[in-house]
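Accompanying notes for the structure given below.
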Amino acid sequence: SEEEAARITFDEDGPVRVRADPDRIEQIMANLLDNAVKFSAAGSAIEVSLVARGADAEVRVTDRGVGVPEAEQDRLFTTLFRTSRTADVAGTGLGLYISRRIAEQHRGHLRLESSSEKGSTFLLTLPLATPMPQG
């Protein structure tokens, strides 16, 4: 919705090129943003950032949501896992599992970078596309 979109800010330091299937990367981003919206208070900020670091593009999605208990963080990307803090929110428990698999198929990675009761940051890394040789 428009209201949800207004919560999301995007920060990038210039265009970044990766070699990837745009539909699959869109699937990862849709899942991360959907989770951020579902698991945080209405109207709270969601920040997306994109930077090139070394040979990778790094995309971070940060919310002000309920967070993931430390004891559950290792299982967050397993199939059908739902954190105890989101039992009342609809979902299949497949989104992060599938998203991580897609990232790995692109020689990238998806992980929970940090989480507390104040929110979570997910980090998606994808290899930068190498520039085409000249001539």
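The values are calculated or read from the model by the stated rules, or taken from the named source; none is laboratory data. Please read these numbers as outputs of a predicted model, since none were measured by experiment. Only protein heavy atoms, including side chains, enter the accessible area calculation; ligands, DNA and RNA are left aside. Shrake-Rupley method; radii C 1.70, N 1.55, O 1.52, S 1.80 Å.
Observations, loosely collected:
- Any chance ASP63 is acidic (Asp, Glu) and open to solvent by 70 Å² or more (accessible area, probe 1.4 Å): no
- Selection within the range 92-135: residues that are at positive phi and modelled with pLDDT under 85. The member of this set that is most open to solvent (accessible area, probe 1.4 Å) is GLY135.
- Within the range 23-60, considering residues that are open to solvent by 60 Å² or more (accessible area, probe 1.4 Å), assigned to a helix (DSSP H, G or I) and modelled with pLDDT of 95 or more, the one farthest from LEU96 (Cα to Cα): ASP23
- So ASP74, is it in a loop (DSSP other than H, G, I, E, B), open to solvent by 50 Å² or more (accessible area, probe 1.4 Å) and modelled with pLDDT under 85: no
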